[in-house]
1. Pull out all pairs, ordered by first then second residue, where Cβ-Cβ is under 6 Å, the residues are six or more apart or on different chains, the first lies in the range 53-82 and is more than 19 Å from Val147 (Cα to Cα), and the second is modelled with pLDDT under 90 and in a loop (DSSP other than H, G, I, E, B).
2. If you scan the range 78-88, which residues turn out to be open to solvent by less than 20 Å² (accessible area, probe 1.4 Å) and at pLDDT below 95?
3. Which one of these is at pLDDT below 85 and part of a strand (DSSP E or B): Leu54, Leu4, Leu14, Leu37?
4. Any idea which of Tyr112, Tyr121 is modelled with pLDDT of 95 or more, hydroxyl-bearing (Ser, Thr, Tyr), surrounded by fewer than 19 Cβ atoms within 10 Å (Cβ to Cβ) and farther than 22 Å from Leu151 by Cβ?
5. Limited to the range 57-95, what total is found for residues that are part of a strand (DSSP E or B) and among the acidic types (Asp, Glu)?
6. Kindly establish whether Ser142 is within 22 Å of the chain's Cα centre (by Cα) and at pLDDT 90 or above.
7. Which condition breaks for Val61 when tested against (1) at pLDDT 95 or above; (2) more than 13 Å from the chain's Cα centre (by Cα)?
Amino acid sequence: MKKLIFSFALCLLLSSAATAQVTFGLKAGGMLSNTALVEPDSLSGSGDAKISYLLGGFMNVPINDKFSIQPELLYANKGGKDFYQHYINLPVMLQYNLTDKFKLEAGPEISYLLASYSQWYDLNGNRSNRYRQHFTKDFDISINVGVSYALLDRLNIGLRYNMGIVDTYAPEKARFGFGSTIERPEYNIKNRTLQLSVGWKLGKK
């Protein structure tokens, strides 16, 4: 059902291009990514951050002179240090034109997991070239807030904070033997990223 909803949302956003004057573009960038460990009734901690990347495309649908909607389709490697979560992300951003060049933006994002694994360490704490599977939910939901600035007519730079709002750990995937599962940790695992990207407008339809 979740895969069906994800596919329907994507088709709906793409079909809007047929009925509006939209701008298409490509974007790519780097990000600082980690996982927040949120304990019940206490302050949050986090794992070690890593430098990662994202890439994909976008289309911008104007509403009026001040507002526009910008759905994007991105590939991103989230997670923390030695922890890899490969996602296809579908953010939908509401943008406000503060000036001709400067925009504020905010919106939700739904992500579909492609793979989740971490680096393997031996008993002596030495890093090896082996990896182990992580038990991560197929879908993640997050909130984005950010700004963008038009350097040129077709080139813009954006800074965005992405905050996961659901626990990504999936204990039901960790089954051993007679249907038993590993013990559930006492904290929730949520993604956090700070993204710096460059966008290039390809043209209007």
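The values are calculated or read from the model by the stated rules, or taken from the named source; none is laboratory data. These figures come from a predicted structure and were not determined experimentally. We place every Cβ from the backbone using ideal geometry, glycine too, and count neighbours over all the protein chains shown. Only protein heavy atoms, including side chains, enter the accessible area calculation; ligands, DNA and RNA are left aside. Shrake-Rupley method; radii C 1.70, N 1.55, O 1.52, S 1.80 Å.
1. As it stands, the answer is Gly80/Gly47; Gly80/Asp48; Lys81/Asp48, since those pairs meet every condition given.
2. Lys78, Gly79, Gly80, Gln85 - these are the residues of the range 78-88 that are open to solvent by less than 20 Å² (accessible area, probe 1.4 Å) and at pLDDT below 95.
3. Of the residues listed, the single one that is at pLDDT below 85 and part of a strand (DSSP E or B) is Leu37.
4. Details: Tyr121 fails: modelled with pLDDT of 95 or more.
That would be Tyr112, the only listed residue that is modelled with pLDDT of 95 or more, hydroxyl-bearing (Ser, Thr, Tyr), surrounded by fewer than 19 Cβ atoms within 10 Å (Cβ to Cβ) and farther than 22 Å from Leu151 by Cβ.
5. Of all residues in the range 57-95, those part of a strand (DSSP E or B) come to 57-62, 67-78, 83-95.
With the extra rule that they be among the acidic types (Asp, Glu), the set shrinks to 72.
Final tally of qualifying residues: 1.
6. Working: within 22 Å of the chain's Cα centre (by Cα): yes; at pLDDT 90 or above: yes.
For Ser142, the condition - within 22 Å of the chain's Cα centre (by Cα) and at pLDDT 90 or above - is met.
7. (1)
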